[in-house]
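A short worksheet on the structure shown next.
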Amino acid sequence: MSDRSHHLVAVSCGLCGADDPQPLGWLEDIRYGTLPHPVQLVACRVCGFRYLTPQPQPGSEALFYPAGYDPYRRTGWTATARRLLLRREVRVLWPYLAPPRHVLEIGCATGELLFIIRAAGNPFVSGIEPDPDAARIALRHGLDVRIGTLETLALPSTAYDTVLLQHVLEHLPEPGRALARVAELLRPGGTLVLWLPNGDSWAARCFGSAWMGYDPPRHRSVFTPATLLRACAQVGLEIIDEHHEWHGLEWAWGLRLLARAKGWRRIEHTLARLHFAAILATTPIALAAALARRSGRIRILARKRVPGS
Ligand SMILES: [Zn+2]
């Protein structure tokens, strides 16, 4: 096995660039065990942004993504449940996804969301994905997907009505720069749809370092609605909606990861076996968190400002 510690490098704030971190705690890769040592969660003293340091060196990410990484899976009941949830999202977001809108998904993995949008009636969908294996699956489904990232691919400016970032922003080494690039790609009045973990949530507080939303080192940073609002405003994006997910997924996962972190093997195995039941059982808590606008999983809509308006 390659020594992963050589591929972890100290970084400064991914939003404002300042190198003035306030330590918040230590995180381990409880889920997949890819980290050779704990990494620090810090808050930038200048802008409040929370991020990990050290982080995987850009280009070495593959070392920290296991072969069975969930978002790349297309079979099994978790994949089925994810597809059902995505179909619901597409119905809700249809005013932003309907043809003739041009829709771009950044980090589209195997293209599930794009496939659902196309099946719902919009052929003008395209995506980019850095993982060649995941992208090839999307290509086999006849989707217009290019292998690469926002930095490596030349994409046309102001060409898209809607850009989708589904649990991607927290994976990017420079999220501030990525948001600026997304704002360039959108036409004035176009919409960015972002799904991401919310660091200012009940689940984050309750589970601490075992919170599913940290997922180090794959997630390099943790946004809150407040840091996201500032980051969007800086690049001319105005937040127009903040939706809090209400199902128990993150609570069921939080309990499992907490049991694993504590070394409670039997409880962990029981929770894994009863994962679906645990999701149902914890949904009332998730619902209460959503009503209090403190869910750990949020969907943000941001509109690109129209000059002169
Ligand atoms: Zn900062």
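Mind giving me the FRET efficiency for ARG91 and ALA159? R0 is 25 Å, r the Cβ-Cβ distance, nearest 0.05 is fine. Don't skip to the answer; put the middle values down first.
Details: r = 25 Å, r/R0 = 1.02.
Using R0 = 25 Å, I get an efficiency of 0.45.
Let me check against my output: what whole-number percent is the relative contact order of the chain, with C-alpha pairs under 8 Å and at least 6 apart? Can you show the working numbers first?
Details: 594 pairs, mean separation 51.6, N = 309.
Relative contact order of the chain: 17 percent.
Any number yet on Rg/Rh for the range 151-268, C-alpha, Kirkwood?
1.05
Sequence gap at least 6, Cα distance under 8 Å: using those rules, report the relative contact order of the range 67-155 to the nearest whole percent. Walk me through the numbers before you get to the answer.
On the way: 116 pairs, mean separation 21.1, N = 89.
Worked out over the range 67-155, it gives 24 percent.
Averaged over every viewing direction, what's the projected area of the C-alpha convex hull for the chain? Give it in nm², one decimal, please.
On the way: hull surface 63.4 nm².
Over all viewing directions, the chain projects a mean Cα-hull area of 15.8 nm².
Can you work out the PRE-style zone for SER12? Point 7 Å along Cα to Cβ, and I want the residues of the range 156-193 with backbone N under 17 Å.
173-178
With charges set only on the Cβ (+1 for Lys and Arg, -1 for Asp and Glu), what does the dipole of the chain come to about its Cα centre, in debye to the nearest 20? Let's see the in-between values first.
Numbers: 36 positive and 27 negative charges, 167 e Å.
Once rounded to the nearest 20, the dipole reads 800 debye.
Sort largest first and round to whole Å: the equivalent ellipsoid semi-axes of the range 1-129, each the square root of five times a Cα gyration tensor eigenvalue. Don't jump to the answer; show the numbers that get you there.
On the way: eigenvalues 236, 81, 37 Å².
Listed largest to smallest, the semi-axes of the range 1-129 are 34, 20, 14 Å.
Antiparallel DSSP bridges in the chain: what percent, to the nearest 5? Present the calculation step by step, with values, prior to reporting the outcome.
Values: 28 of 45 bridges.
Among the beta bridges of the chain, antiparallel pairing accounts for roughly 60 percent.
Looking only at Cβ-Cβ distances, which cysteines of the chain have no other cysteine closer than 4.7 Å?
Those would be CYS108, CYS206, CYS232, since no other cysteine Cβ in the chain comes under 4.7 Å of theirs.
What net charge do the residues around HIS243 carry, taking every other residue with its C-beta under 14 Å from that of HIS243, with Lys and Arg at +1 and Asp and Glu at -1?
+2
At 7 Å along the Cα-to-beta-carbon direction for both ALA98 and PHE276, put a label point, then send me their distance in nm to one decimal.
With each label point 7 Å from Cα toward Cβ, the separation is 3.5 nm.
Compute the convex hull volume of the Cα atoms of the range 67-155, divide it by the residue count, and report the result per residue in Å³ as a whole number.
Details: hull volume 8.2 nm³, N = 89.
Cα convex hull per residue, to the nearest whole number: 92 Å³.
Read-outs: derived from the displayed coordinates by stated rules, not from any lab. Every value quoted in this text rests on a predicted model; they were computed, and no experiment measured them. We place every Cβ from the backbone using ideal geometry, glycine too, and count neighbours over all the protein chains shown.
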